[in-house]
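Q: Provided herewith is a single structure, encoded as structure tokens, for subsequent inquiry.
Only the coordinates and a few stated rules stand behind these numbers; no lab work does. Here the structure is a predicted model, which is why all the values come from computation and not from measurement. FYI the Cβ positions are ideal-geometry reconstructions off the backbone, even for glycines, and counts take in every protein chain you see.
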Ligand SMILES: [Zn+2]
């Protein structure tokens, strides 16, 4: 009797810890401490927390032309994301341009909360097709639930707890553990498996949105050439999977019909 109840207790403890064990859109089983829904809720607050100081410093969406350009591209990608995962229609999708010419970075939190830094646009002289590849890749991280995975890592390693303990910002002290995890998650590297998944989904979203798949290769070439000695933030959170450029190049023939069909519309 005692043995059984211990087993039951252990089971309860494990199920309360592992809140999600699902298969993502890339077909991979994920075991997580944070469910996608909690990741989306926490990311809403983390997005506000991250952007607020930038807005106060006048570093948010300061160039209307750039904002229009980025929105035009992400709108098309979002349409494709919703076709791929219809339940993301209810996400409160949003993109902000962060005016920071020194930072080469872009991200998409759980629930479709995105940002791109002007450093990425300028230092790479990024074309529309290349911006679509970056944002398609970022959106794919969210679609494949990688954000919740990284939040789980932040939780498991007490990184979120440390942030709450060490922050001197009064408003940040009020935030929940999950929100802290969502903020820390932005700085953690994705696994190489996640990177390959996001490359695969991202190039397809972009092609279906009418963006040239060849730009996926030129984007990572530019990123590697310019970022090798400059330590781009983007490269520290997006480690290169084996043969990334060759793998992307190999996908191009399959992507061209999607691209041509979208361009012909
Ligand atoms: Zn990535």
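Q: Return one number: the angle in degrees, 0 to 90 and rounded to the nearest 10, between the long axis of the Cα atoms of helix 128-143 and the longest principal axis of the Cα atoms of the chain.
A: 10
Q: Let me ask something else. Given the options 90, 43, 35, state which has the largest fluctuation in a GNM of the chain using a 10 Å cut-off (strictly under) for Cα springs.
A: The residue with the greatest mean-square fluctuation here is 90.
Q: Compute the long axis of helix 64-84 from its Cα atoms, compare it with the longest principal axis of the Cα atoms of the chain, and write down the angle in degrees, 0 to 90, nearest 10.
A: 60
Q: Go ahead and set up a Gaussian network model of the chain, Cα springs under 10 Å, then flag whichever of 116, 82, 203 fluctuates most.
A: Looking only at 116, 82, 203, the largest GNM fluctuation is found for 82.
Q: OK, next. Counting other beta carbons within 10 Å of each Cβ, put 237, 74 in order, fewest first.
A: 237, 74
Q: Give me 32, 256 sorted ascending by neighbouring Cβ count inside 10 Å, so fewest comes first.
A: 256, 32
Q: Per DSSP H run of n ≥ 4, the term is -39500 (n - 2.57); total these for the chain, divide by its residue number, and report the mean residue ellipticity at 222 nm rounded to 500 deg cm²/dmol.
A: Dividing the helical sum by the residues of the chain leaves -20000 deg cm²/dmol.
Q: To test your reading of the geometry: what angle, between 0 and 90 degrees and rounded to tens, separates the Cα axis of helix 2-17 from the longest principal axis of the chain?
A: It works out to around 30 degrees.
Q: How far, in nm, would the chain grow between residue 25 and residue 128 when pulled straight, counting 0.36 nm per residue and subtracting the alpha carbon separation? Write down the numbers at each step before the final one.
A: Values: separation 103, 0.36 × 103 = 37.08 nm, distance 2.61 nm.
Result for the pair: 34.5 nm of gain on full extension.
Q: For region 76-167, rounded, prolate or oblate, judged on the Cα gyration tensor with a ≥ b ≥ c (square roots of eigenvalues), a/c < 1.5 rounded, else prolate if a/b > b/c?
A: In terms of gyration-tensor shape, oblate.
Q: Let me ask something else. Whole-Å semi-axes of region 35-264's equivalent ellipsoid, largest first, each the root of 5 times a Cα gyration tensor eigenvalue?
A: 28, 19, 18
Q: Where does each of 208, 263, 29, 44 land when they are ranked from fewest to most other beta-carbon atoms within 10 angstrom?
A: So the residues, fewest neighbours to most, are 29, 263, 44, 208.
Q: Something else: Of 153, 97, 66, which is the most mobile in a GNM of the chain whose springs link Cα atoms less than 10 angstrom apart?
A: Evaluated over the chain, the most mobile residue of the options is 66.
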